[in-house]
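The values are calculated or read from the model by the stated rules, or taken from the named source; none is laboratory data. Predicted, not measured: the structure shown is a model, and the values here were computed from it. Cβ sites come from the backbone with ideal geometry, for glycine too, and all protein chains shown count toward neighbours.
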Amino acid sequence: MSTAATYFGDDTTIAAFTQSFQAQMKAIGVEVAIDSQPVAAFADYMGQKKFSTAYSGNGVGADATSGLAQLFNSQNPGNATGAGTAQIDELIKQVPAIADKEARMAAANEVEKEFSKLYAILPVYNGPNIFAVKKGLANWGPELFALRGWTVVGWEKGSARN
């Protein structure tokens, strides 16, 4: 069995991640060719589905249910695989109308559960982003689902930058 793993750009972390993926797959008998493409090729490759395996990231805002259509709707260009069903698309349409946050989250989880049965997307990591910033930079860093007020980001008085 063989496949290819496509990644875009020259980020060394993504290159290392892809090489790790290649080694892990080799250990179970799957040969993976690495296909490094320039960032400029992203839209073409993803839009035309010129990949076997590709890495992509998606972010969500304070309401984690807001990304359902982008990821799981079979007609949404953000769903890079094009996978989905009419039933899942209908479930997605119902979620934003649910006023109660807990009930909306439960409905969103049900959508994700149904979509996962299609084996179209394999989440490889989730969680916080880690940032390293220069001393004195205020109000910038990991926040997961918080919304940042951009007007409060800046340098502290007396810092090397201010």
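How many residues does region 34-45 hold that are more than 17 Å from ASP10 (Cα to Cα) and touching a Ser or Thr at 6+ places or on another chain (Cβ under 7 Å)? Please lay out each step first, then the result.
The first filter runs over region 34-45 and keeps only residues more than 17 Å from ASP10 (Cα to Cα), leaving 44.
From the residues that got through so far, the ones that are touching a Ser or Thr at 6+ places or on another chain (Cβ under 7 Å) too are none.
Here the count works out to 0.
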Discussion item. For the list (1) at pLDDT below 95; (2) touching a Phe, Trp or Tyr at 6+ places or on another chain (Cβ under 9 Å); (3) among the hydroxyl-bearing types (Ser, Thr, Tyr), I need the number of the one condition that SER36 fails.
Written reply: (1)
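Filter region 42-57 down to residues that are surrounded by 11 or more Cβ atoms within 10 Å (Cβ to Cβ) and not aromatic (Phe, Trp, Tyr) and give me whichever is farthest from THR3 (Cα to Cα).
Taking region 42-57 as the starting set, the residues that turn out to be surrounded by 11 or more Cβ atoms within 10 Å (Cβ to Cβ) are 42-43, 45-46, 49-56.
If we keep only those that are not aromatic (Phe, Trp, Tyr) too, we end up with 43, 46, 49-50, 52-54, 56.
On the way: ALA43: 21, MET46: 16, LYS49: 14, LYS50: 12, SER52: 6, THR53: 7, ALA54: 11, SER56: 17 Å.
Looking at the filtered set, the residue picked out is ALA43.
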Practice prompt. Evaluate region 6-26: report whether one residue or more is acidic (Asp, Glu), loosely packed, with under 14 Cβ neighbours inside 10 Å and part of a loop (DSSP other than H, G, I, E, B).
Written response: yes
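Mind checking whether some residue in region 60-73 is polar (S, T, N, Q), touching a helix residue (DSSP H, G or I) at 6+ places or on another chain (Cβ under 6 Å) and not assigned by TED's automatic domain parsing to the domain that holds SER2?
Going residue by residue through region 60-73, those that are polar (S, T, N, Q) are 65-66, 70, 73.
Adding the requirement that they be touching a helix residue (DSSP H, G or I) at 6+ places or on another chain (Cβ under 6 Å) leaves 65, 73.
With the extra rule that they be not assigned by TED's automatic domain parsing to the domain that holds SER2, the set shrinks to 65, 73.
Taking every residue of region 60-73 in turn, at least one turns out to be polar (S, T, N, Q), touching a helix residue (DSSP H, G or I) at 6+ places or on another chain (Cβ under 6 Å) and not assigned by TED's automatic domain parsing to the domain that holds SER2.
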